[in-house]
Structure formats: C-alpha cells, structure tokens
Amino acid sequence: MYFVIDSMKSSKIILYIGETNLANKRWKGEHDCKNYLMNYKEALAYNNLSSHQDIRFFLDVPKEVKLRRKLEQQLIYLWLPPFNKETRDRWATTFTNN
C-alpha cells in the first residue's frame, strides 16, 4: 500500500492512495497520479505556495490481492484523497489537462 502525501507548513494531506505488489516498479511506468502531481506542483508554484510531496509505502498489508484492494478502497473512502478516481464525484477531476 502506498500513499502520496503533501506537506505544507504544519499540515499534511493525502493526495493519493494505491496498492501494488511491485512497489519498486509501480512509479516507473504510466500512472495518472504522475500527471496530477505535475499539474498540482505547477499550480502551487504559480500561486507562490511551497510544499513537499512524498511517497510512503506501508508494507504490513495482506499479501492476497483481493484483501489488499479491499483495504485500499476502505482507506480511499475514509481519507477521500483528491487524486483517486473514486473521489472524482466529490472533488471533480483534479489537476488534469482536460
């Protein structure tokens, strides 16, 4: 399980929650969140806001894919991260070029 987190001053926000069986390869390929992060960083810079994005992996999760995905969904609906597709109805499509 991994979390894309942004720190601004004393605040933190979870931008994205994902699950993968291949943590070392997940961010090397195509990923919508990469585009969202790039646009997010540009918007922050344009508005003279500083922040620090980080990816944190939590490895103490079920090995079975079904259980991991269920946990991922529970965490998404708990934290409502703006870059996950499941929360687009709440946040609209954030930081896309569309």
Open item on the list: Would you confirm whether or not the range 62-77 contains a residue that is surrounded by 11 or more Cβ atoms within 10 Å (Cβ to Cβ), within 15 Å of the chain's Cα centre (by Cα) and within 21 Å of Ser10 (Cα to Cα)?
Closed with: no
- [ ] Please enumerate the residues belonging to the range 1-22 that are touching a residue at least 24 places away in the same chain (Cβ under 8 Å) and either assigned to a loop (DSSP other than H, G, I, E, B) or over 11 Å from Ser51 (Cα atoms) (or both).
- [x] Met1, Tyr2, Phe3, Val4, Ile14, Leu15, Tyr16, Ile17, Gly18, Glu19, Asn21
Task: Condition check for Trp27: at pLDDT below 90 and among the aromatic types (Phe, Trp, Tyr) - done: yes
- [ ] Determine whether the range 84-95 contains at least one residue that is among the aromatic types (Phe, Trp, Tyr), under 18 Å from Met1 (Cβ atoms), at pLDDT below 95 and assigned to a loop (DSSP other than H, G, I, E, B).
- [x] no
Task: Those residues of the range 23-46 which are crowded, with 18+ Cβ neighbours inside 10 Å and part of a loop (DSSP other than H, G, I, E, B), in sequence order - done: none
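The values are calculated or read from the model by the stated rules, or taken from the named source; none is laboratory data. Bear in mind the structure is a predicted one, so any value in this text is a computation, not a measurement. No Cβ is skipped: glycine too gets one built from the backbone with ideal geometry, and neighbour counts run over all protein chains shown.
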